[in-house]
Amino acid sequence: QKEVEQNSGPLSVPEGAIASLNCTYSDRGSQSFFWYRQYSGKSPELIMFIYSNGDKEDGRFTAQLNKASQYVSLLIRDSQPSDSATYLCAAPNSGNTGKLIFGQGTTLQVKP
Amino acid sequence: DVKVTQSSRYLVKRTGEKVFLECVQDMDHENMFWYRQDPGLGLRLIYFSYDVKMKEKGDIPEGYSVSREKKERFSLILESASTNQTSMYLCASVADSYEQYFGPGTRLTVT
């Protein structure tokens, strides 16, 4: 059974700091990873995806993939209170069905 | 932008009622999914569909059925609603690259 693991948190950081969210996965064959942000009471929103080793930057967000160590991380620079949410990591399941395996999510709290 | 809509944001039903939840996407995606999300349990896959009239069970299909008569529309049916089906129901439409786009969700309460 493939797994995607995240620390549930909460991770608390002060406003303006860098928030680092981590995710590990069990399937060495996983090629791509997705980060979703979910505000309380709302649906998940896709914010980043990464397909290759290394870093991918988009504004204040950087996704990092390390296939050898089987982890993927999301860095949020200059964290804002509006970044307070649960962040879900996901990886494709096997087969060509579009299925994703989601982690349980990490709750981030950015304190003003 | 991908747009996924769900028929209701909030729904209250009585035990034993038949409940229909509808999801519509506008991106001509082949694959569509239904999840439920409960505190502490994360996202759990109920059913998915990879083409019109094609469906597969997910991890927790018991008590549910689905219908996909048109490519853009995927319906989740609770045959006889029970209180343990009180949950947030999320529909997702999936691009070829596995990117899943979620609808706003339906918070269903069964009393």
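Observations
- Of all residues in region B:22-74, those satisfying the criterion of being under 14 Å from B:F102 (Cα atoms), touching a Gly at 6+ places or on another chain (Cβ under 7 Å) and without any contact (Cβ under 8 Å) to a residue 24 or more places away in the chain are B:L45, B:F48.
- Filter pass, B:E22 being outside any strand (DSSP E or B), modelled with pLDDT of 95 or more and among the charged types (D, E, K, R): no
- Residues in region B:44-57 include at least one that is within 13 Å of chain A (Cβ to nearest Cβ), polar (S, T, N, Q), assigned to a strand (DSSP E or B) and in contact with a strand residue (DSSP E or B) (Cβ under 8 Å, 6 or more places away or on another chain).
- Close pairs from region A:98-109: first more than 9 Å from every other protein chain (Cβ to nearest Cβ), partner surrounded by fewer than 21 Cβ atoms within 10 Å (Cβ to Cβ) and of a type in the set (A, V, I, L, M), Cβ under 9 Å, at least 6 apart: A:T106/A:L11; A:T107/A:L11; A:L108/A:L11; A:L108/A:V13; A:Q109/A:L11; A:Q109/A:V13
- Residues that are within 22 Å of B:D1 (Cβ to Cβ), within 14 Å of chain B (Cβ to nearest Cβ) and not in a strand (DSSP E or B), drawn from region A:21-66: A:S32, A:Y39, A:G41, A:K42, A:S43, A:P44, A:Y51
- Single unsatisfied condition, A:L88 versus (1) surrounded by fewer than 12 Cβ atoms within 10 Å (Cβ to Cβ); (2) within 12 Å of A:N22 (Cα to Cα): (1)
- Unmet requirement for A:S73, which otherwise passes all of (1) more than 14 Å from chain B (Cβ to nearest Cβ); (2) more than 24 Å from A:D27 (Cβ to Cβ); (3) of a type in the set (S, T, N, Q); (4) within 15 Å of the chain's Cα centre (by Cα): (2)
- The listed residues are A:T86, A:T106, A:T62, and the only one of them that is in contact with an Asp or Glu (Cβ under 6 Å, 6 or more places away or on another chain) and of a type in the set (S, T, N, Q) turns out to be A:T62.
For (1) over 18 Å from B:K18 (Cβ atoms); (2) buried (at least 19 other Cβ atoms within 10 Å of the Cβ); (3) of a type in the set (V, I, T), each residue gets a yes or a no:
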position	(1), (2), (3)
B:D59	yes, no, no
B:Y64	no, yes, no
B:L78	no, yes, no
B:A81	no, yes, no
B:L90	yes, yes, no
B:S93	yes, yes, no
B:Y98	yes, yes, no
B:Y101	yes, yes, no
B:T106	no, yes, yes
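- Qualifying residue in region B:32-48 (condition: among the acidic types (D, E) and under 17 Å from B:F74 (Cβ atoms)): no
- Test result for A:S84, under 30 Å from B:S8 (Cβ atoms), away from chain B (no Cβ under 14 Å) and at pLDDT 95 or above: yes
- Residue match in region A:67-86 (condition: in a loop (DSSP other than H, G, I, E, B), in contact (Cβ under 8 Å) with a residue 40 or more places away in the chain and touching a helix residue (DSSP H, G or I) at 6+ places or on another chain (Cβ under 9 Å)): no
- Candidate set: region B:25-43, residues that are more than 18 Å from A:G41 (Cα to Cα) and assigned to a strand (DSSP E or B); chosen: the one nearest to the other protein chains (Cβ to nearest Cβ): B:N31
- Residues that are more than 7 Å from chain A (Cβ to nearest Cβ) and touching a residue at least 24 places away in the same chain (Cβ under 8 Å) within region B:97-111 comprise B:T106, B:R107, B:L108, B:T109, B:V110, B:T111, listed in sequence order.
The values are calculated or read from the model by the stated rules, or taken from the named source; none is laboratory data. Predicted model, so just to flag it, every value in this text is computed and none were measured. Neighbour counts run over all protein chains shown; Cβ positions are idealised from the backbone, glycine included.
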